[in-house]
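Q: After the structure tokens below, expect a handful of questions from me.
The values are calculated or read from the model by the stated rules, or taken from the named source; none is laboratory data. The model shown is predicted, which means the values in this text are computed figures rather than measured ones. Because the Cβ atoms are built from the backbone with ideal geometry, glycine has one as well, and the counts that use them run over all protein chains shown. The area values use the complete protein model at the heavy-atom level, side chains included, leaving out ligands, DNA and RNA. Shrake-Rupley method; radii C 1.70, N 1.55, O 1.52, S 1.80 Å.
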Amino acid sequence: MLVMETCGFLGNDAEIKEFNGKRYISFNVAASDRHKDANGTVVSRTTWVSCLKLGEGALATYLKKGTQVFIRGDLSTKIFTNANGAQVGINCHVRELQLLSGGSKAQTDGNASAQQPTTTAQPQAQPAQPPYGATAAPASEKNDDLPF
């Protein structure tokens, strides 16, 4: 079994699909690679990965176009021919998925007012504490004239 890991952005909203009586969440992830060639020109290459994750639609509500995700799962490839000639499709049967960021800016701006809290919390007085790693010395040792 080949295992793949990648971070990328969703190219479309996730969809629920059914295969052989099982429900899957289907989505595409675009992973881009940028580097400079020998002439100093920036070269960009985007690889698309078609993903299926076994499960119901609760997760699909968070998988919107533009969301950054980390995926880990089983890798498979498929060779197909289209107008551009023979190409290789990369597929991933996702075992682990982590959301790294929200969706596109247009989607989050529309809900910004609904997500703002209506009350502000008042800061509470905290007792003075020594800095991290420092220990408070007993009163008898504070007048010590040791150089360290």
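Q: Per residue, what accessible area does region 1-53 have, given a 1.4 Å probe and all protein chains present, in Å²?
A: Values: 3680 Å² over 53 residues.
Here the residues of region 1-53 average 69 Å² of exposed surface.
Q: Okay, next question. Residue 95: net charge of surrounding residues, Cβ under 14 Å, Lys/Arg +1, Asp/Glu -1, itself excluded?
A: Overall, the nearby charge balance is -1.
Q: Okay, next question. How much length, in nm to one decimal, is gained on full extension between residue 47 and residue 72, taken as 0.36 nm per residue of separation minus their Cα-Cα distance?
A: Extending this stretch completely gives an extra 7.4 nm.
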